[in-house]
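Below is one structure, written out as structure tokens; the observations come after it.
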Amino acid sequence: MSSVPRVRRRLSAVLLSIATVVALLIVPLGSVATAASTSSSCPSGEGTQCILKISGPESVQTGVPFTVQVLVTTDGTTVAKSDPCASKVPVTLALTDGESTISTQTVNASAGIATFSLTISNDGSYDLNASASPNCSGYYYVDDSRAIMAVTIPADQPIAPCPDNVSCTQVTNTSSGGGSGATLIADTGMFTASFIPPGSVADTCGAPADTSTNSMLMFDLTAPDPRPSKTIILALASRFVNKGIGQFNICWTSINPFTSLSGATVTTGLLPACRKDATGPCVLFKKSSRQNVGFFGVLAPPGDPTAYAR
């Protein structure tokens, strides 16, 4: 499946962030994107055209500052670092909620990159809109827009960060007891995700249900065909990590048959560990911090099942 290598590359970046999660327990969401290293100038024709590109997370935590960069590029990817005008053009970034403007900032690009720090106070879907004010005669700039979602993460709930510039959604169990969260990552598409409240979950993997931890994650990815593979990172607060991290398993339910931990072909069962070149569903990692927080990474193929740690 061609999307699996891309998912794994994205996962490597997330795993670096997970190391920070493991050290700090609760992670500030959002990170600074690394700009392209190629230097160039915007192409000239009937004027000089540059293309703006927003770089930043798609899902952020309410009340926590995060960084967004607007790249001034020659072609949508190459930063116009050596352009005498575009490399230092004033760039404006507006945050809107679909009906009104929440905030507007203007900063001068430095070496073709304008860096902004934003904070979103309330849950919901928002839009980022980037534009530039021409600072030299004959220059014009193609605007850029992208969606961003803000979610509230309880103070004691760890969660894996979203990589920049991918489809990513974060969700937590807000029902009584809480303690579980998930980060869902794919190269393209749009996620919807939620946890079924404790008390409504039947343990479908054969063990007594523990409704304090076994809230089930349900999700859907809307994406064009061929639909991409996904990386799901489940997080479990330390108060629910009541055994060795390696003793936890992931219970998985799907309309698509898969190979379970026991080697049987099932539609509900415990997931095995991922082997080399696996397409999933399978467990990529199980990690815990010195504070006993649990993180469980799952490689999920196309199709949208339900899952939880037990």
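The values are calculated or read from the model by the stated rules, or taken from the named source; none is laboratory data. This is a predicted model, so every value here is computed, not measured. Here Cβ is always computed from backbone atoms with ideal geometry, including for glycine, and neighbour counts include all displayed protein chains. With ligands, DNA and RNA removed, areas are computed over all heavy atoms of the protein, side chains included. Shrake-Rupley method; radii C 1.70, N 1.55, O 1.52, S 1.80 Å.
Table for the structure above
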quantity: Any pair with Cβ under 6 angstrom, 6 or more apart, that starts in the stretch 96-116 at a residue that is over 19 Å from SER133 (Cα atoms) and ends at one that is of a type outside the set (Asp, Glu); calculated: ASP97/TYR126; ILE102/LEU95
quantity: Within the stretch 149-183, considering residues that are assigned to a loop (DSSP other than H, G, I, E, B) and hydrophobic (A, V, I, L, M, F, W, C), the one farthest from the chain's Cα centre (by Cα); calculated: ALA155
quantity: Which numbered condition GLN157 misses (of (1) at pLDDT below 90; (2) open to solvent by 10 Å² or more (accessible area, probe 1.4 Å); (3) not aliphatic (A, V, I, L, M)); calculated: (2)
quantity: Subset of the stretch 80-95 that is over 14 Å from CYS136 (Cβ atoms) and at pLDDT below 95 - its residue that is most open to solvent (accessible area, probe 1.4 Å); calculated: LYS81
quantity: Of residues in the stretch 274-305 being surrounded by fewer than 18 Cβ atoms within 10 Å (Cβ to Cβ) and closer than 16 Å to ARG227 by Cβ, the one modelled with the highest pLDDT; calculated: THR279
quantity: Any chance ILE26 is of a type outside the set (Gly, Ala, Ser), modelled with pLDDT under 90 and part of a helix (DSSP H, G or I); calculated: no
quantity: ASP75 outside any strand (DSSP E or B), closer than 20 Å to GLY138 by Cα and open to solvent by less than 30 Å² (accessible area, probe 1.4 Å); calculated: no
quantity: Test: residue in the stretch 222-230 that is in a strand (DSSP E or B), surrounded by 15 or more Cβ atoms within 10 Å (Cβ to Cβ) and modelled with pLDDT of 85 or more; calculated: yes
quantity: Residue count for the stretch 30-76, restricted to those that are of a type in the set (Asp, Glu) and modelled with pLDDT under 90; calculated: 2
quantity: The stretch 106-148, subset charged (D, E, K, R) and in a strand (DSSP E or B), residue nearest to THR96 (Cα to Cα); calculated: ASP127
quantity: The stretch 161-205, subset hydroxyl-bearing (Ser, Thr, Tyr) and open to solvent by less than 30 Å² (accessible area, probe 1.4 Å), residue modelled with the highest pLDDT; calculated: THR183
quantity: Whichever residue in the stretch 124-149 is among the polar types (S, T, N, Q) and over 14 Å from GLY76 (Cβ atoms) and, among such residues, is surrounded by the fewest Cβ atoms within 10 Å (Cβ to Cβ); calculated: SER137
quantity: Residues of the stretch 247-273 classified as under 22 Å from ILE159 (Cα atoms) and open to solvent by less than 60 Å² (accessible area, probe 1.4 Å), total; calculated: 6
quantity: Top-ranked residue in the stretch 99-108 [being open to solvent by less than 70 Å² (accessible area, probe 1.4 Å) and out of contact with any Phe, Trp or Tyr (no Cβ under 8 Å at 6 or more places or on another chain); ranked as modelled with the lowest pLDDT]; calculated: SER100
